[in-house]
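Please read the structure below before turning to the comments.
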Amino acid sequence: MGRKSIKENKNIYQEYREECEFTREKASELMGFVSADRIEKIENEKSIPHPDEVLAMAKCYGHHELCNYFCSHECPIGQEYVLEVSIKDFSHIVLEMLATLNSLNKDKDRLIEISADGQVTEDEYEDFFAIQEKLNQISLTADSMQVWVQNTLKGLKKG
């Protein structure tokens, strides 16, 4: 059995591995292709993980939000285009989704007006970008729901 880490500022990869009570060797064995040395480099931030390694860790540790974390924090493309999903409880996610949908429902007529001519003109930018923000919020809330479902399924499989 490996020693327990006393490091204070653990990254998310180390936190989730330790939450599973896996040593680096055990995690490596379960993942099959990521060595214990490679896991150590990732956890000590000496190396950025590759997407396939993050996917393997997410499956192994049962924390699918690792994929979103990687994309939104470490991938140059994702940093530009992927919003970070925050972990929330089910009722919070549903209420947030409904509130955003209700708010967007009020803006749908304006969106129709803006898009009717196939272009967004200068006088429409402000409204269009406000509506776009609400659409981003719906997307983010849907992603939060997906993470919640995956984590819930993980709990059901263990039980």
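The values are calculated or read from the model by the stated rules, or taken from the named source; none is laboratory data. Computed from a predicted model, the values in this text were never measured in an experiment. Cβ sites come from the backbone with ideal geometry, for glycine too, and all protein chains shown count toward neighbours. These accessible areas exclude ligands, DNA and RNA; they are computed on the full protein's heavy atoms, side chains included. Shrake-Rupley method; radii C 1.70, N 1.55, O 1.52, S 1.80 Å.
Note on segment 74-159: enclosed helices (runs of 4 or more DSSP H) holding 2 or more residues that are modelled with pLDDT of 90 or more, touching an Asp or Glu at 6+ places or on another chain (Cβ under 8 Å) and more than 30 Å from residue 58 (Cα to Cα) are 90-115, 125-158. Only one of the listed residues (68, 9) is modelled with pLDDT under 95, in a helix (DSSP H, G or I) and of a type outside the set (A, V, I, L, M, F, W, C). That residue is 68. Scanning segment 145-156 for residues that are more than 18 Å from residue 102 (Cα to Cα), open to solvent by less than 70 Å² (accessible area, probe 1.4 Å) and within 14 Å of the chain's Cα centre (by Cα) turns up 147, 149, 150, 151.
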